[in-house]
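First comes the structure, then the notes that go with it.
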Amino acid sequence: AAGVAPIETVYPAIRDLDGLAAYAARAAFDGFTGMMALHPDQLPVIAAAFTPSAAAVAHARAVVAAFDTQPGAGV
């Protein structure tokens with residue numbers, strides 16, 4: 001409602017990249033669109049968690065195409 005992207009806060013254990021990966025994956029699943037980092041080593045892990053897979057992109061494109069072909073059908 002505020003018109004801003006939901007961003008997750010930092011994961012403070014900068015050396016625990018496995019924990020960060022799990023935390024970021026949960027945040028992405030919960031609808032966050034990104035996350036703050038405390039250390040540059042965290043960036044690849046965060047980017048991986050918030051980058052959609054090829055399958056997710058293909059599904060989204062298929063949904064958009066379906067609505068483009070029949071805009072009045074369903075919701």
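Amide hydrogen proximity for MET35: with H placed 1.01 Å from N in the peptide plane, the residues at 5 or more positions away or on another chain lying under 5 Å are GLU8.
Relative to the first principal axis of the alpha-carbon coordinates of the chain, what is the inclination of helix 17-29, with its axis defined by its Cα atoms, in degrees from 0 to 90 and to the nearest 10? Its long axis makes an angle of about 30 degrees. Got a number for carbon plus sulfur as a percent of the chain's accessible area, 1.4 Å probe? That fraction is 66 percent. Rounded to whole numbers, the Karplus 3J(HN,Hα) couplings from phi for the range 58-74 are 4, 4, 4, 5, 5, 5, 4, 4, 5, 6, 5, 7, 9, x, x, 8, x Hz, using 6.51 cos²θ - 1.76 cosθ + 1.60 with θ = phi - 60°, and x at Gly and Pro.
Please compute the Kirkwood hydrodynamic radius over the chain, one decimal place, Å, based on all pairs of different Cα atoms. Intermediate results must be reported in sequence, preceding the final value.
Details: mean 1/r = 0.0703 Å⁻¹.
Radius from the Kirkwood sum: 14.2 Å.
What is the calculated FRET efficiency for VAL57 to ARG15, with r their C-beta to C-beta distance and R₀ = 35 Å, to the nearest 0.05?
The pair VAL57/ARG15 has a calculated efficiency of 0.65.
Keeping every protein chain present and rolling a 1.4 Å probe, give me the accessible area per residue for the range 1-68 in Å². Mind showing how you got there, number by number?
On the way: 4660 Å² over 68 residues.
Roughly 69 Å² per residue, with all protein chains present.
Using only DSSP helix segments of four residues or longer, with each worth -39500 (n - 2.57), what per-residue ellipticity at 222 nm results for the chain after dividing by its residue count and rounding to 500?
After summing the helix terms and dividing by the residues of the chain, the value is -15500 deg cm²/dmol.
Taking a Cβ cut-off of under 15 Å around ALA49, the surrounding Lys, Arg, Asp and Glu residues balance to a net charge of -4, with basic ones at +1 and acidic ones at -1. Coupling constants for the range 30-40 follow from the phi torsions by the Karplus curve (6.51 cos²θ - 1.76 cosθ + 1.60, θ = phi - 60°), and in residue order they are 6, x, 5, 9, x, 7, 7, 10, 9, 9, x Hz; glycine and proline get x.
The values are calculated or read from the model by the stated rules, or taken from the named source; none is laboratory data. These numbers come from a predicted model, not from an experiment. Every residue, glycine as well, gets a Cβ built from its backbone with ideal geometry; the counts of neighbours run over all protein chains shown. What goes into the accessible areas is simple: the full protein's heavy atoms, side chains included, and nothing from ligands, DNA or RNA. Shrake-Rupley method; radii C 1.70, N 1.55, O 1.52, S 1.80 Å.
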